[in-house]
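The values are calculated or read from the model by the stated rules, or taken from the named source; none is laboratory data. What you are looking at is a predicted structure, and each value in this text was computed from that prediction instead of being measured. Virtual Cβ from ideal backbone geometry, glycine too; neighbours counted across all protein chains shown. All accessible areas refer to the heavy atoms of the entire protein, side chains included, with ligands and DNA or RNA removed. Shrake-Rupley method; radii C 1.70, N 1.55, O 1.52, S 1.80 Å.
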Amino acid sequence: AASSLATAEIKINEFLSFAGFVDMSYVHSDGELDGDGETDNSFGVDQVEIDWLFNFGKVTAQVDLEYEGDNGRGDANDSDGGVEVEQAFVSYDLGNGASITAGRYESMLGLEAKEPTGLYQYSTAYSLDGEFGLPGSSSVSILPDYAQGVKYTRESNGTFFGISIQDQSFDTDSGRFGGDGNDDNDSSYGIEVAFSTELSDGLTFFLGGAYEDVENNAGDDTDTWVINSYVTYETGAWTFGAELNYGESDANGPAEAITQFGLTGEETTQGLIMANYAYSDCCSVTGRISYSEHDADGGVEADFTKYTLAHNYAVSDNLAIITEVSLVDGELAGDDAEATTGAVEVLFTF
């Protein structure tokens with residue numbers, strides 16, 4: 001009951017409605033890399049989103065406009081602030097649970113939600129709190145976020161299948177897995193496939209993957225692929241989840257940096273286990289342990305373990321207060337890395 005808030009649509013007429021949220025937080029973090037420490041305090045609006053929903057029978061559409069702050073939330077879609085179009089797509093209902101979608105839409109991969117309204121806690125599993133000297137986003141997740149293309153999905157009797165043909169699967173920023181640091185690539189294409197099934201009452205299994213091929217103007221190729229699998233189990237007031245990711249990204253030729261650690265190739269293994277207990281109609285407690293291991297070209301290795309404990313209090317159907325304490329312990333290129341973070345988040349949905 002407290003894992004995510006109600007985002008009931010506000011109906012304007014029979015064809016148009018909208019929904020959204022306002023997400024703000026206070027974060028205190030103490031980070032240390034190779035003995036050098038840094039303390040940071042931030043308070044501000046992390047994200048504001050308004051989703052416009054269109055319904056014309058078999059044809060539906062959605063346009064999500066978002067503003068992201070720059071106070072270092074550490075999510076996969078970090079930005080320096082500003083308003084942008086997060087999603088904009090049109091779907092056609094083919095009947096029998098099948099549909100086809102075209103435009104910019106969210107990836108089908110990943111156990112954790114990509115929006116704060118769907119999370120059990122403040123931070124995501126593969127975001128690193130504190131200052132570790134990483135370029136770009138503080139997230140080291142290898143899972144894709146959003147892409148532009150055409151997608152076919154079908155859902156029936158507890159089974160889901162989806163396939164997406166798109167212009168790319170991964171962010172092209174040099175600070176993210178699979179990015180080559182060059183926004184002026186000659187060509188790229190990607191494909192994403194997902195399958196899930198309900199094994200028994202409350203138990204769901206998911207398996208999916210994404211592949212991307214990028215060729216820059218110098219003729220150098222970058223191939224990146226990821227396999228994502230997870231299981232979830234819900235019983236009474238308990239929700240459990242476990243996830244495993246494996247990905248490789250490599251460059252053929254003198255390509256620019258394509259990994260979080262500024263090198264030209266990387267193998268990454270990531271995983272998490274989590275448990276959520278709703279002890280009342282309004283409150284729940286979540287514990288999570290996540291792990292990320294990176295083996296980059298040149299012998300550079302990095303591994304991080306993150307421990308998270310969070311409490312979610314739904315003040316009303318549209319307002320929640322999330323508190324979290326997390327500890328990151330790991331190693332980056334032979335240097336010890338540690339961080340402790342406390343966060344208080346206020347999330348309002350409409």
Six or more apart or on different chains, Cβ atoms under 8 Å: show the pairs whose first residue is in region 119-136 and more than 12 Å from residue 287 (Cα to Cα) and whose second is modelled with pLDDT under 95 and aromatic (Phe, Trp, Tyr). 128/304; 134/261
Residues that are part of a strand (DSSP E or B), open to solvent by 40 Å² or more (accessible area, probe 1.4 Å) and not acidic (Asp, Glu), drawn from region 34-43: 37, 39, 41, 43
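Answer yes or no: is there a residue in region 278-287 that is open to solvent by 70 Å² or more (accessible area, probe 1.4 Å) and assigned to a strand (DSSP E or B).
Quick first cut of region 278-287, residues open to solvent by 70 Å² or more (accessible area, probe 1.4 Å) only: 279, 281.
Keeping just the survivors that are assigned to a strand (DSSP E or B) gives none.
So far as region 278-287 goes, no, none of its residues is open to solvent by 70 Å² or more (accessible area, probe 1.4 Å) and assigned to a strand (DSSP E or B).
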Just wondering, is there one or more residues in region 176-193 that are under 30 Å from residue 309 (Cβ atoms) and modelled with pLDDT under 70? yes
Within region 213-228, restricting to residues that are surrounded by 18 or more Cβ atoms within 10 Å (Cβ to Cβ) and closer than 19 Å to residue 294 by Cα, the one that is modelled with the lowest pLDDT is 222
Looking only at region 89-104, which residues are out of contact with any Ser or Thr (no Cβ under 8 Å at 6 or more places or on another chain) and open to solvent by less than 40 Å² (accessible area, probe 1.4 Å)? 95, 103
Which of the following residues is among the hydrophobic types (A, V, I, L, M, F, W, C), on the phi > 0 side of the Ramachandran plot and either open to solvent by 40 Å² or more (accessible area, probe 1.4 Å) or modelled with pLDDT under 95 (or both): 333, 255, 296? 333
